[in-house]
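Below you'll find the structure, written out as structure tokens, and then a few comments.
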């Protein structure tokens, strides 16, 4: 069942800063990982962000702040752990359009981005932050690589009430039947539409899939050129959709 996500509560998204963004949060440690933390400390609901392969980019940090503060009546504590421990992929490797870039990106993925390394950390981080920060309900959103981690973290026994993935990498139809929580996916023009449609057909939970057909992979994070008016507008719209989804399902 595909659900509408017409913007209701989140009409107050702050003006998107095109460059020179100053993050509103601070860095803490969660399960031994440096973690960007933003949002009011008295909020009882939390959002875990699983970033893309390029780590802490200004566009990604700004997105975390948008999720934390946009709706004055319903704000969130938002956390973004540094799963790559200070060694994200180099953005100059993307797109991997020659052999050297392909090799560098492939070697980095093997060393840093195996989902089996990240999955156990997700649950530990949520448990620790829930205890220390008084968070009663959690949602999760993943970008690019993070979308795969969200798929795998949304199966039976998940600590999350709702999930989302934007321009997700490694979408596999086989992951869908095991997902147990409401799920929102926002693919770009660069994702495999046929594979995403197969994935959607396998879902048994409330869901919303919306293609941003004129946006590149990464437009909501590191590869979003916010100085382009159309990208900026769609970046903002994407975050509004996420907020509406989390408002509805948490």
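Read-outs throughout are calculated quantities, based only on the coordinates presented, and are distinct from any laboratory measurement. This one's a predicted model, so the numbers in the text were calculated from it and none came from an experiment. Note: ideal-geometry Cβ built from the backbone for every residue, glycine included; neighbour counts use all protein chains shown.
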* How are the Cα pair distances of the range 103-234 distributed, in percent, across 5 Å bins from 0? -> 2, 10, 18, 21, 18, 16, 10, 4, 0
* Highest average packing first - 137-149, 75-87, 190-202, Cβ atoms within 10 Å -> 137-149, 75-87, 190-202
* To do: Distance from a point 7 Å along Cα→Cβ of residue 109 to each backbone N in the range 160-178: keep the residues under 16 Å and list them by number.
  => 168-173
* Structure fact -> DSSP beta bridges in the chain: the antiparallel percent, rounded to 5, is 30 percent
* Structure fact -> Using alpha carbon centers only, the range 164-206 is separated from the range 30-81 by a whole-angstrom value of 23 Å
* Subtracting the Cα-Cα distance from 0.36 nm times the residue separation, let me have the gained length for residue 117 to residue 230 in nm, one decimal. => 37.0 nm
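For the chain, what is the mean residue ellipticity at 222 nm derived from helices alone (per DSSP H run of n ≥ 4: -39500 (n - 2.57); sum divided by total residues; nearest 500 deg cm²/dmol)?
Working: 6 runs with 84 residues, N = 250.
One gets -11000 deg cm²/dmol as the mean residue ellipticity at 222 nm.
Calculate, in nm to one decimal, what residue 22 and residue 85 gain on full extension: separation in residues at 0.36 nm each, minus their alpha carbon distance.
Numbers: separation 63, 0.36 × 63 = 22.68 nm, distance 2.17 nm.
Working it through step by step, the gained length comes to 20.5 nm.
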* Point-to-point label distance, residue 180-residue 44, nm (Cα→Cβ direction, 7 Å offset) -> 2.3 nm
* How large is the Kirkwood hydrodynamic radius of the range 32-100, in angstrom, based on all distinct alpha carbon pairs? -> 13.3 Å
* **Tail beyond 14 Å, pair distance distribution of the range 187-250 (Cα, percent)** => 62 percent
* Equivalent ellipsoid dimensions for the range 103-169 as semi-axes, Å, which come from the Cα gyration tensor, largest first -> 24, 14, 10
